[in-house]
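The values are calculated or read from the model by the stated rules, or taken from the named source; none is laboratory data. This one's a predicted model, so the numbers in the text were calculated from it and none came from an experiment. As a convention, Cβ positions derive from the backbone with ideal geometry for all residues, glycine included, and neighbour counts pool all protein chains shown.
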Amino acid sequence: MYEVVQVIHSYWAYLVVLVVFLATVNAVVGHFSKKEYSYKDFRISLFALIVTHIQLLIGLVLYFISPFGFKSIKNNGMSAVMKDSLLRLYAVEHITVMILATIFITIGYSKHKKKLTSVPKLKTLAIFYTIALVLILSRIPWAQWF
């Protein structure tokens, strides 16, 4: 079961990075070009929200069944995990930062819906989605990806 969830989590991550990148670029370009907020902008930001939340759920399942997640802390102790950079990445940093990224996407999406005009809507999406994208890219285990 662990291997199946790990493969799903790994491949879904490509989709998450792609969609969050597209949503971020769309919001930044839309904001700076002062374009009108459209149905397309709504759909792209919503799709980024959905795929990110699905990835978080898959990741949480993986965290509790993986030998590198919660089991690593349970078996080795927190001090040993914090001293090992690879274990720390998987057991602490990756999950914490990805939860924060998901929170930023959720806040950005929620806040943008309350704005009444295009410029504030796209600005809100641009800010929060950019922060989330930077967080996501900062804690991807790149060695496992390639």
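Say whether the condition of being touching a helix residue (DSSP H, G or I) at 6+ places or on another chain (Cβ under 8 Å), under 17 Å from VAL51 (Cβ atoms) and not acidic (Asp, Glu) is met by at least one residue in the range 66-87.
no
Does GLY108 satisfy the condition of being modelled with pLDDT of 95 or more and either within 21 Å of GLN6 (Cβ to Cβ) or of a type outside the set (Asp, Glu) (or both)?
Working: modelled with pLDDT of 95 or more: yes; either within 21 Å of GLN6 (Cβ to Cβ) or of a type outside the set (Asp, Glu) (or both): yes.
When the stated conditions are applied, GLY108 passes them.
If I ask for residues that are surrounded by fewer than 20 Cβ atoms within 10 Å (Cβ to Cβ) and β-branched (Val, Ile, Thr), which ones from the range 52-66 would you list?
ILE54, ILE58, VAL61, ILE65
Just the residues that are under 30 Å from LEU62 (Cα atoms) and free of Cβ contacts under 8 Å to residues at least 24 places away in the same chain, please, taken from the range 12-34. First the steps, then the outcome.
Looking only at the range 12-34, we keep the residues that are under 30 Å from LEU62 (Cα atoms), and these are 12-25.
Hits for the range 12-34 are TYR14, LEU18, VAL25.
For a quick check of your reading of the model, give me the residue pairs whose first member lies in the range 74-92 and is surrounded by 13 or more Cβ atoms within 10 Å (Cβ to Cβ), whose second is basic (Lys, Arg) and not in a helix (DSSP H, G or I), with beta-carbon atoms closer than 9 Å and at least 6 apart or on different chains.
LEU89/ARG139
In the range 20-51, how many are farther than 18 Å from TRP142 by Cα, β-branched (Val, Ile, Thr) and either buried (at least 19 other Cβ atoms within 10 Å of the Cβ) or within 16 Å of the chain's Cα centre (by Cα) (or both)?
Of the range 20-51, the ones farther than 18 Å from TRP142 by Cα are 22-51.
Within this subset, residues satisfying the condition of being β-branched (Val, Ile, Thr) are 24-25, 28-29, 44, 50-51.
Narrowing further to those that are either buried (at least 19 other Cβ atoms within 10 Å of the Cβ) or within 16 Å of the chain's Cα centre (by Cα) (or both): 24-25, 44, 50-51.
Adding up the residues that qualify gives 5.
Just name the residue that is farthest from GLY108 (Cα to Cα) out of those in the range 1-19 that are surrounded by 14 or more Cβ atoms within 10 Å (Cβ to Cβ) and hydrophobic (A, V, I, L, M, F, W, C).
VAL5
Does LYS71 meet the test of being farther than 30 Å from GLU3 by Cβ, out of contact with any Leu (no Cβ under 8 Å at 6 or more places or on another chain) and of a type outside the set (S, T, N, Q)? Before you say what the answer is, go through the steps one by one.
Numbers: farther than 30 Å from GLU3 by Cβ: no; out of contact with any Leu (no Cβ under 8 Å at 6 or more places or on another chain): yes; of a type outside the set (S, T, N, Q): yes.
No: the conditions fail for LYS71.
Can you find a residue that is within 16 Å of LEU18 (Cα to Cα), charged (D, E, K, R) and surrounded by 15 or more Cβ atoms within 10 Å (Cβ to Cβ) anywhere in the range 111-130?
no
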